[in-house]
Amino acid sequence: MKIKNILFLITIILSFSSISNSLEKIEILLKINNKIITNVDIQDEYRYLLTLNTQLKNINKTELLEFAKSSVIREKIKEIELNKYYDLEERNSEYLDKIVTNFYTRLNFNNLEEFKKYLNDNNLSIDSVKYKLGIETMWNELIFNKFKNQVNIDKEKIKKEIKNIKIKEKQETYNLSEIVFNLENSDSIDSKYKFLKKDIVERGFKNVATIYSMSDSSKFGGEIGWVDESQLSSIILNEIKSITVGEITKPISVPGGQLIIMLNEKKFKDLEFNVDRELEKRLTNEKNRQLSQFSSIYFNKIKYNMLINEL
């Protein structure tokens with residue numbers, strides 16, 4: 001047999017050997033209804049989370065893998081529920097492109113190509129990120145369609161609050177981050193709060209928000225950004241005014257969970273707004289806040305009704 005042919009056979013054998021070894025490493029770890037989750041899914045999620053938030057490298061790998069597992073479970077549960085209402089392959093690509101643009105802009109990338117290169121350098125593809133964002137986008141659409149008629153907003157009360165603020169020459173604006181959590185088993189609000197507060201001191205707020213928060217902002221370490229006081233409800237505003245920069249609020253009870261807010265920074269700005277425009281912003285924020293709470297409640301309900309088996 002010619003040397004060329006021998007080398008070709010060796011290459012083929014090594015290729016099959018490599019594939020075989022790779023396949024042997026794949027393990028089914030969980031089954032949710034009829035959907036499986038493998039160790040590869042969790043490793044991919046682990047890499048995805050680190051790519052979004054490099055500060056997570058400071059967290060113990062075993063613990064971060066456990067968080068990645070929880071993240072995959074959440075996504076799979078949403079995917080199963082969404083399949084009842086949508087064809088996940090038939091997504092509005094134009095709208096999703098806008099979501100992707102907002103996503104990489106928030107991560108401080110200048111354009112899509114720059115973001116793609118960053119993903120490639122971390123063994124991730126833009127398609128996998130698009131799929132994840134598509135799941136979240138469709139989930140939000142589902143929640144909106146199911147609960148839009150249950151959103152209850154006291155428009156006159158909000159308008160009165162805004163007019164009271166308008167009397168001032170300046171208003172405060174706050175740079176905020178959040179953690180939204182639920183109580184599990186026999187946890188009390190006080191014990192959970194003490195646990196999170198201790199963890200925040202040891203790991204930093206961003207890492208704790210990424211691991212424990214149920215809010216969509218967890219992908220960005222709980223970051224909300226700058227919010228004017230006119231855009232905040234009186235309950236949340238009072239809690240924020242009771243703390244100083246670098247501190248966190250006590251838990252604020254909201255439908256479907258508990259909210260902790262961190263005050264990163266604050267400043268005064270000249271008051272230049274009209275009541276109608278500010279009212280529209282406030283109404284939108286309040287609607288989104290309530291829909292987020294409905295999302296949490298609905299997710300917990302469907303999770304409870306799903307069969308989750310660890311194998």
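Please treat every number below as a calculation from the coordinates, not as lab data. Just so it is clear, the structure is predicted and the values come from calculations on it, not from any experiment. As a convention, Cβ positions derive from the backbone with ideal geometry for all residues, glycine included, and neighbour counts pool all protein chains shown.
Below is a table of values for the structure above.
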{"read-out": "Order of Trp226, Trp139 - criterion: other Cβ atoms within 10 Å of each residue's Cβ, fewest first", "value": "Trp226, Trp139"}
{"read-out": "Amide H within-cut-off set for Val254, under 5 Å, with H built and near neighbours excluded", "value": "Leu259"}
{"read-out": "Counted charge near Asp187, where neighbours are those whose Cβ lies closer than 15 Å (Asp, Glu -1; Lys, Arg +1)", "value": "+1"}
{"read-out": "Entries in Lys61/Lys116; Lys35/Lys61; Lys170/Lys266; Lys69/Lys117 that, when Cα-Cα distance is taken, lie over 18 Å", "value": "Lys61/Lys116; Lys35/Lys61; Lys69/Lys117"}
{"read-out": "Pair Glu247, Glu141: separation of 7 Å Cα→Cβ label points (nm)", "value": "4.4"}
{"read-out": "Three-way shape call for the stretch 137-269 based on the alpha-carbon gyration tensor, with the a/c threshold at 1.5", "value": "oblate"}
{"read-out": "Relative contact order, percent, the chain [alpha-carbon distance under 8 Å, six or more residues apart]", "value": "22"}
{"read-out": "Too-long pairs where the Cα-Cα distance tops 25 Å, listed order kept, from Lys78/Lys130; Lys157/Lys197; Lys146/Lys281; Lys57/Lys197; Lys146/Lys250", "value": "Lys157/Lys197; Lys146/Lys250"}
{"read-out": "All aspartates and glutamates inside 20 Å of Lys194 as judged from Cα atoms, apart from same-chain residues fewer than 8 positions distant", "value": "Glu63, Glu178, Glu184, Glu202, Glu239, Glu247"}
{"read-out": "Cα-centre dipole for the chain with unit charges at Cβ (Lys and Arg positive, Asp and Glu negative), debye to 20", "value": "140"}
{"read-out": "All aspartates and glutamates inside 16 Å of Lys25 as judged from Cα atoms, apart from same-chain residues fewer than 8 positions distant", "value": "Asp41, Asp44"}
{"read-out": "Gaussian network model of the chain, springs between alpha carbon atoms under 10 Å - residue of Lys157, Lys76, Lys61 with greatest fluctuation", "value": "Lys157"}
{"read-out": "Projected label distance in nm at Asn164 and Ile308, using a 7 Å step from Cα toward the beta-carbon", "value": "4.1"}
{"read-out": "Efficiency of FRET between Phe268 and Asp154 - r from beta-carbon atoms, R0 35 angstrom, step 0.05", "value": "0.80"}
{"read-out": "Residue range of the chain that is longest and free of GluC sites (Glu not before Pro) which are both DSSP loop and sparsely packed (at most 13 other C-beta within 10 Å)", "value": "91-168"}
{"read-out": "Top of Lys197, Lys117, Lys84 by mean-square fluctuation, Gaussian network on the chain, Cα under 10 Å", "value": "Lys84"}
